[in-house]
Structure formats: structure tokens, C-alpha cells
Amino acid sequence: MLPALTGVVITLCAVVAGLAVGYRVAGIGVPVAALAVLAVVTPAAVRRHRPTARRRLGFYTPEELAELDTQGLALAVSRMLRRDGWRVLQPRGTEDRVRVRARNGHGHRLEVAFRPVAEPLPDEDTPSRSGRPGGPAPPLRLVVHRGAFTRRDVQWARRQGGVRLIDGSCLRHWAHGTPLNELGDSSWSPYEPSS
């Protein structure tokens with residue numbers, strides 16, 4: 001933080017010193033020309049970097065979501081979780097699938113899996129996980145898919161318990177700014193385990 005602040009202060013001092021020297025040498029034309037250039041360059045720079053800054057804050061357009069591969073979608077979901085107050089954990093090095101793990105301020109854990117088109121749901125054939133007696137509760141699970149889930153997928157999620165399916169419509173609302181706990185099914189909350 002301190003080196004960046006020092007760099008900004010030095011740069012601003014150099015610009016002011018340059019304008020002062022230019023004013024002494026060439027008159028009022030140098031500061032006026034500098035202001036004119038600044039008036040043209042600043043809006044162009046803001047327009048150019050606005051989508052990048054918006055995405056870093058966890059806001060995506062439907063077109064941007066459609067262009068993402070699974071890794072990009074995982075990054076987008078990580079940013080959206082941070083925007084909603086979750087702390088995203090580093091991925092485990094042994095995972096063979098892309099997953100995002102997060103924890104909120106209340107100690108709740110969340111695990112996000114991503115479903116590409118035409119693949120079975122993660123862990124579809126395994127029984128639901130249960131927490132160890134006296135141990136932490138199992139993580140809440142999200143399955144994110146840009147398309148639509150089938151009736152079979154919805155039945156699988158209900159049998160598992162603690163699983164929330166985020167289809168393309170919910171994903172677009174979430175990316176637009178709707179908090180995760182306000183999406184779709186009001187019976188499921190990322191803050192309280194579902195039964």
C-alpha cells in the first residue's frame with residue numbers, strides 16, 4: 001500500500017512541476033493544453049476500464065457470462081460470492097474438477113460445483129453427505145449451470161438435501177446484483193442448512 005501511495009504522490013508532484021515549468025517557459029497555453037488533453041483522455045480511459053472494474057466487483061452481463069469457460073465461470077462465481085460477503089477459499093491442489101469453496105462470517109461453508117452441458121450432476125450416484133457427530137455441519141452445495149436443469153436434476157437435488165441448483169436464469173440475476181440468498185427458492189438459504 002505504501003509503495004503505491006508513494007508512487008502516486010511522486011507522479012502527481014512531477015506533473016505539477018512539469019506544468020509549472022511549462023507555464024514559465026511558454027505561458028498559459030501549456031496548462032490549458034494539458035487540461036484539454038485530460039478532458040479527452042479521462043472519459044475514454046473510464047469507458048475502457050469500466051467493464052473490467054465492474055467484473056472485478058462481481059457484476060456480469062448475460063453476454064459476458066455466455067462467453068466464459070468453466071474456469072472463467074468459477075472466477076465469476078468467486079467474485080459474486082465475495083460481493084455477497086463470502087470469503088472464497090483457495091482451491092485444493094488435488095481436485096480434478098473445478099470447484100469453488102467459500103465461508104461466510106457466521107462460519108457456514110459453501111461448495112460450488114459447475115455443470116457443463118450434457119454431464120451428470122456432481123456426485124449423482126453417491127449418498128448425501130452428513131456431518132460427523134459433534135463436528136461441523138456439511139457444506140451447503142451449489143451446482144451452477146448456464147442452461148436449464150431437468151426434472152431429474154431437481155429430484156436429485158431434493159434427495160441430497162443442502163443442494164441448490166443455480167440455472168442460467170438465476171445465474172443472470174445473481175450476476176446482475178441480486179444477492180445469493182434472495183435468488184429463486186425462498187425455502188433455501190445459504191445461511192441456514194436446508195433439511
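Table: residues versus (1) at pLDDT 90 or above; (2) within 16 Å of the chain's Cα centre (by Cα); (3) more than 30 Å from Trp174 (Cα to Cα).
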site: Pro3; (1), (2), (3): no, no, yes
site: Thr6; (1), (2), (3): yes, no, yes
site: Cys13; (1), (2), (3): yes, no, yes
site: Gly18; (1), (2), (3): yes, no, yes
site: Arg24; (1), (2), (3): yes, no, yes
site: Ile28; (1), (2), (3): yes, no, yes
site: Val32; (1), (2), (3): yes, no, yes
site: Ala36; (1), (2), (3): yes, no, yes
site: Pro51; (1), (2), (3): no, yes, no
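Please go through region 2-60 and give me each residue that is among the aliphatic types (A, V, I, L, M) and on the phi > 0 side of the Ramachandran plot, ordered by number. Within region 2-60, no residue meets the criteria.
When you scan region 42-53, do you find a residue that is touching a helix residue (DSSP H, G or I) at 6+ places or on another chain (Cβ under 6 Å), open to solvent by 40 Å² or more (accessible area, probe 1.4 Å) and not hydroxyl-bearing (Ser, Thr, Tyr), even just one? There is no residue in region 42-53 that is touching a helix residue (DSSP H, G or I) at 6+ places or on another chain (Cβ under 6 Å), open to solvent by 40 Å² or more (accessible area, probe 1.4 Å) and not hydroxyl-bearing (Ser, Thr, Tyr).
Within region 60-69, can one find any residue that is among the small types (Gly, Ala, Ser), more than 18 Å from Pro179 (Cβ to Cβ) and open to solvent by 70 Å² or more (accessible area, probe 1.4 Å)? Yes, because at least one residue in region 60-69 is among the small types (Gly, Ala, Ser), more than 18 Å from Pro179 (Cβ to Cβ) and open to solvent by 70 Å² or more (accessible area, probe 1.4 Å). Of the residues making up region 163-195, just one is at pLDDT 85 or above and on the phi > 0 side of the Ramachandran plot, namely Gly177. Looking at Val117, Val88, Val98, just one residue is at pLDDT 90 or above and either open to solvent by 90 Å² or more (accessible area, probe 1.4 Å) or within 23 Å of His173 (Cβ to Cβ) (or both), and that residue is Val88. Is it the case that Arg55 is under 30 Å from Val98 (Cα atoms) and either without any contact (Cβ under 8 Å) to a residue 60 or more places away in the chain or among the β-branched types (Val, Ile, Thr) (or both)? When the stated conditions are applied, Arg55 passes them. Close contacts from region 146-169, counting a first residue that is outside any helix (DSSP H, G or I) and a second that is of a type in the set (Asp, Glu) and open to solvent by 30 Å² or more (accessible area, probe 1.4 Å), with Cβ to Cβ under 6 Å and a gap of 6+ residues or different chains, come to Ala148/Asp167; Phe149/Asp167.
The values are calculated or read from the model by the stated rules, or taken from the named source; none is laboratory data. Small disclaimer: the values here were computed from a predicted structure and weren't measured. Don't worry about glycine lacking a Cβ; one is built from the backbone with ideal geometry, like all the others, and counts go over all protein chains shown. These area figures cover heavy atoms from the full protein model, side chains too; ligands, DNA and RNA do not enter into them. Shrake-Rupley method; radii C 1.70, N 1.55, O 1.52, S 1.80 Å.
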